[in-house]
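A short worksheet on the structure shown next.
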Amino acid sequence: MPTLTIDGQEITVEANTTVLQAAEELGIEIPRFCYHDRLSIAGNCRMCLVEMERAPKPVASCAMPVGEGMVIHTNSPVAEKARKGAMEFLLINHPLDCPICDQGGECDLQDQAVAYGKGDSRFTEHKLSVKDKYLGPLIATSMTRCITCTRCVRFATEIAGVEEIGATFRGEETEIGTYVEEALTSELSGNLADVCPVGALTHRAYAYSSRPWELIKTESVDVHDAVGSNIRIDCRGAEIMRILPRLHEGINEEWLSDRSRYASDGLALQRLDQPYVRVDGKLTPASWETAFAAIKTKLDGLGDDAGGRIAAIAGDMADVEAMLALKELFTALGSTNLDCRQDGAKIEGRHRGGYIFNSSIAGIEDADALLLVGCNPRTEATLVNARIRKRWSAGGFPVGVIGGVDGPGTDLTYKYDYLGAGPATLAEVADGSNAFAKVLADAERPMIIVGSGALARDDGAAVLDLARKAAESTGMIAAEWNGFNVLQRAASRVGGLDLGFLPGEGGRDVAGIVAGAGKGEIDLLWLLGADEIDMATLGKAFVVYQGHHGDAGAHRADVILPGAAYTEKDATWVNTEGRVQHGRRAAYPPGDAREDWTILRAFSAVMGQPLAYDNLAQLRDHMVEVVPGLGVIDEVGPGEMGSFGMPGDLGADGFESPINDYYMANAICRASAVMAECSRLYTGAGGTGEATGTDG
Amino acid sequence: MKRVPAPNEIQPDSFTFTPENLEKAKQHIAKYPPRRQASAVMPLLDLAQRQHQNWLPRAAMDAVAEMLEMPRIRVYEVATFYTMYNLAPVGEHFVQICTTTPCWLRGSDDVVSACKSKLGVELGETTADGKFTVIEVECLGACANAPMMQVNDDYYEDLTADNTAAVLDALAKGDKPKAGPQSGRRGSEPAGGPTTLQDFTLQDSRGDG
């Protein structure tokens with residue numbers, strides 16, 4: 001533990017810290033471009049030069065390890081002059097185009113040039129210009145602005161795990177790019193623009209649209225997957241201009257997956273902004289009163305045993321408040337046909353340990369062996385995958401994979417042993433006959449991640465039981481460590497299971513509801529943002545669609561109740577770890593659309609059975625009464641294990657990942673033009689429409 | 001001078017090593033410890049360039065990347081960093097004239113203008129018949145015999161405008177002029193002939209002892 005003096009203050013730090021980090025601990029900020037705390041050290045921008053006593057020249061503080069008795073001056077005339085020199089060199093070839101640059105106002109180079117720039121240039125020769133590069137449909141490039149700090153190269157190589165960007169050529173001709181003009185194959189590419197300290201890499205979707213000081217910033221959470229990434233929603237007026245990640249060490253660190261970031265244009269398209277009622281086979285605009293009356297008429301016509309003939313399904317982005325209101329409305333109507341497991345996953349709600357990510361996402365870094373069962377975390381939960389890669393990169397982390405990927409060739413951004421495709425292989429691990437079982441058993445903190453590809457199938461309960469046995473037989477569940485994890489893929493799922501938005505006594509599950517609707521046994525089906533069920537098989541059922549996008553559900557609906565998207569409501573979501581988080585309203589829902597719980601509250605009054613809350617505070621108090629855990633915000637811990645799963649016959653089919661197209665996973669993505677372009681490019685799929693030859 | 005990679009139209013679709021070169025490549029790879037095979041990237045790129053008319057198409061870099069199990073971009077970085085890898089087609093005779101200070105002081109400007117007038121091209125250009133490409137390079141380490149130029153693997157030294165033209169003429173005819181000093185001196189001995197060690201008897205008597 002060396003002790004050194006920085007600007008007259010003594011500090012003792014760990015032996016392998018750098019001078020820059022030590023200074024940061026003292027609250028002394030040293031300017032930098034190439035240094036980034038989550039990336040390896042490059043030491044090439046020279047902006048962090050400091051004066052070190054008894055050294056012949058200034059040293060780069062980001063790359064200089066601390067030593068006993070060092071005396072550092074970060075603001076002496078020597079350091080100041082060195083930085084001014086470095087800045088002058090950086091600005092030699094940097095264009096003076098700040099007024100038209102998207103980074104303007106939030107640019108490290110601009111900010112630091114204010115402190116260290118000369119104000120005018122002594123350079124009279126021609127400035128270099130560099131041809132712009134193509135990095136895919138998400139990142140806009142202006143490579144003349146690049147100061148070759150190589151942050152993007154290191155991000156792609158180290159964090160995203162796609163070695164596709166590099167520094168080609170040499171000297172002043174050095175260029176950053178892919179060399180072959182191909183799109184990056186990463187679901188984390190948006191972060192390249194975030195790490196870029198200048199305006200070389202910017203967000204294409206946000207190009208030339210606004211300045212940072214015009215934006216109202218709202219801190220919220222993401223619902224495109226079950227990770228619950230913390231985000232910041234930037235709005236100008238009612239329009240959402242962009243979505244950025246917000247630091248949360250436990251979840252997304254400072255990254256965000258592309259779907260969460262760039263699907264935001266879909267929030268303005270295909271929106272349901274007023275109620276509709278189907279009249280003579282055609283959806284016609286209606287008032288709220290008419291829409292409610294149409295549903296009431298239908299319900300009243302069902303007679304006394306209405307409870308058994310109505311059902312509700314909650315979709316993948318539903319918030320806890322709306323699900324609670326819907327559950328209580330249906331309970332009041334006498335129905336137990338409720339389900340939040342839209343994909344048909346065979347998970348029960350009784351024991352939390354059986355449906356959450358017990359180890360926590362940050363806990364992946366403590367694990368020392370991993371078994372993935374029926375999931376492709378790269379598409380299902382990109383940032384969980386990034387965390388797995390982070391742990392894998394640190395070394396000593398064998399990863400086994402059973403199904404969920406297309407085969408041993410699928411790139412998860414880390415190396416793994418492909419053990420097999422289906423339940424038979426998992427059974428081998430559970431009984432110890434597979435070689436990987438020994439790897440897990442020998443590890444101190446082994447973990448298993450069971451994805452929805454393994455659970456959303458007929459033998460899902462048996463697979464869950466088998467996964468539990470595999471976890472127990474390899475010592476994953478101990479007093480200090482719970483390595484049993486279920487990776488949910490829908491933001492609503494854990495919240496729904498916590499609430500018990502599940503079939504009650506004699507109730508039907510999703511498959512039963514859909515089959516019942518087809519057979520005419522379910523007369524009224526209420527879809528709370530549920531678009532991913534097969535609408536063609538719903539028979540003659542009267543479908544109420546409550547949601548925000550005109551997707552599959554709205555097309556089938558007999559009554560449409562326009563709801564609010566996740567950016568438009570103060571609501572609660574529980575992520576796959578069981579972490580309760582509040583999202584906040586950044587903009588108002590369009591037109592006549594309303595927050596979902598208020599719609600349900602209003603309808604309950606129409607039915608003469610008003611729900612017992614009139615505002616969000618009352619609803620939240622009630623919610624915490626019903627499920628106390630929902631009152632504990634932003635905390636994680638292993639769930640209570642109890643018993644879950646059900647021994648039974650195992651299917652022979654391999655586990656398949658439920659996500660075929662990362663960019664088209666939900667109604668917001670399907671409405672987004674940016675996501676459609678990505679989908680077309682990366683998967684060759686059609687997106688929202690066929691390519692016409694004029695759209696690319 | 002900025003090196004510009006060959007446009008896509010003339011990039012071949014594929015590249016495979018000949019059996020002899022594949023054997024040589026394996027020998028290079030065997031020099032490095034297991035899982036450190038990427039260290040062989042430079043000799044393999046050189047092999048590929050020699051096999052492919054003295055330039056390195058992207059397909060060859062990709063083939064090397066695959067062979068060494070390294071990301072393609074890491075190979076592109078190496079190939080673009082080192083100027084001795086040609087990224088675009090060059091003439092049959094690749095003429096590199098040194099114009100760094102020692103050669104320049106000894107008259108490399110004459111060599112450059114001799115090449116330009118003889119071949120009718122500017123620096124960085126290839127003759128219409130595809131026989132010659134002339135470029136200017138930094139020091140090639142033959143300063144004792146300045147000025148000099150390198151044609152493919154051979155050094156031609158002690159050049160003047162006249163003997164440069166003679167070398168180019170011979171190459172154009174398909175002959176292979178003798179490499180080394182063109183002034184008649186041996187190696188880098190003094191220009192006017194040896195001034196020391198002229199008494200060979202001394203050497204002979206020492207040899208007996």
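Sites listed here are GluC sites (Glu not before Pro) in the range B:58-133 whose DSSP assignment is loop and whose Cβ has at most 14 other Cβ atoms within 10 Å: B:69, B:122.
Taking chain B as a whole, the Cys residues whose C-beta sits 4.7 Å or farther from every other Cys C-beta are B:115, B:139, B:143.
Cα centroids of the range A:93-153 and the range B:1-37: 35 Å apart.
The helix-based estimate of mean residue ellipticity at 222 nm for chain B, built from -39,500 (n - 2.57) per DSSP H run of four or more residues and divided by its residue count, is -11500 deg cm²/dmol to the nearest 500. Axis angle, to the nearest 10 degrees, between helix A:320-332 and the longest C-alpha principal axis of chain A: 10 degrees. Near residue A:135, no amide H atom lies under 5 Å from its own; only residues 5 or more places off or on other chains count, and H is placed 1.01 Å from N. Spatially, the range A:245-282 and the range A:1-53 are offset by 41 Å when compared through their Cα centroids. Using Cα centres only, tell me the gap between the range A:187-213 and the range A:457-489 in whole Å. First find each Cα centre; the distance between them is then 40 Å. Using the Karplus relation 6.51 cos²θ - 1.76 cosθ + 1.60 with θ = phi - 60°, the per-residue 3J(HN,Hα) values for the range A:243-258 come to 10, 10, x, 10, 4, 8, 4, x, 10, 9, 6, 10, 10, 8, 7, 4 Hz, with x marking Gly and Pro. Comparing A:250, A:231, A:295 along the charge dipole axis of the range A:228-312, the residue lying farthest to the positive side is A:295, per the Cβ-charge model.
Summary: within chain A, the longest segment free of chymotrypsin sites (Phe, Trp or Tyr not before Pro) located in DSSP loops with at most 13 other C-beta atoms within 10 Å is A:209-696. Under 27 Å of direct C-alpha separation, and excluding same-chain neighbours fewer than eight residues apart, residue A:327 reaches these lysines: A:296, A:298, A:346, A:519, A:540, A:569.
Judged by the gyration tensor of its Cα atoms, with axes a ≥ b ≥ c, the range B:8-81 is oblate; a/c meets the 1.5 cut and b/c is at least as large as a/b. Of the residues B:29, B:73, B:135, the one that moves most in a GNM of chain B with alpha-carbon contacts below 10 Å is B:73.
What dipole magnitude, in Debye to the nearest 20, does chain A give about its Cα centre under +1 on Lys/Arg Cβ and -1 on Asp/Glu Cβ? All intermediate terms of the calculation are to be shown ahead of the outcome.
Numbers: 63 positive and 99 negative charges, 200 e Å.
Dipole magnitude for chain A comes out near 960 debye.
For chain B, modelled as a GNM whose springs connect Cα atoms under 10 angstrom apart, the maximal fluctuation among B:27, B:51, B:182 occurs at B:27.
Compared with the dominant Cα axis of chain B, that is its longest principal axis, helix B:41-51 is turned about 80°. Remark: the Cα gyration tensor places chain B in the oblate category, a/c being 1.5 or greater and a/b not exceeding b/c.
Largest mean-square fluctuation among B:18, B:80, B:99, in a Gaussian network model of chain B whose springs join Cα atoms under 10 Å apart, belongs to B:18. Each Lys and Arg contributes +1 and each Asp and Glu -1, all at the Cβ; summed about the Cα centre of the range B:93-181, the dipole is approximately 160 debye. Dipole of the range A:305-458 (Lys/Arg Cβ +1, Asp/Glu Cβ -1, origin at the Cα centre): which of A:382, A:315, A:451 lies farthest to the positive side? Of the listed residues, the answer is A:382.
Taking every residue in B:73-82, how many Cβ atoms of other protein chains lie within 10 Å of its Cβ, on average? Present the calculation step by step, with values, prior to reporting the outcome.
Details: counts 14, 3, 2, 8, 8, 2, 3, 9, 7, 1.
Partner-chain Cβ atoms within 10 Å, mean over residues of B:73-82: 6.
Which trypsin sites (Lys or Arg not before Pro) from the range B:71-176 combine a DSSP loop assignment with at most 16 other Cβ atoms within 10 Å? Mind dumping the intermediate values first?
On the way: sites: B:72, B:74, B:106, B:116, B:118, B:131, B:173; in loops: B:106, B:131.
Passing sites in the range B:71-176 are B:131.
Inter-chain neighbour count for A:168-176: the average number of beta-carbon atoms from partner chains within 10 Å of each residue's beta-carbon is 4. Return the calculated 222 nm mean residue ellipticity for chain A, to the nearest 500 deg cm²/dmol, obtained by summing -39500 (n - 2.57) across DSSP H runs with n ≥ 4 and dividing by the residue count. For chain A, the value works out to -7500 deg cm²/dmol.
Bear in mind that the values in this text are calculations on the coordinates, not laboratory data. Everything quoted here is computed from the prediction, not taken from an experiment. Cβ coordinates were reconstructed from backbone atoms using ideal geometry, including for glycine residues, and neighbour counts include every protein chain displayed.
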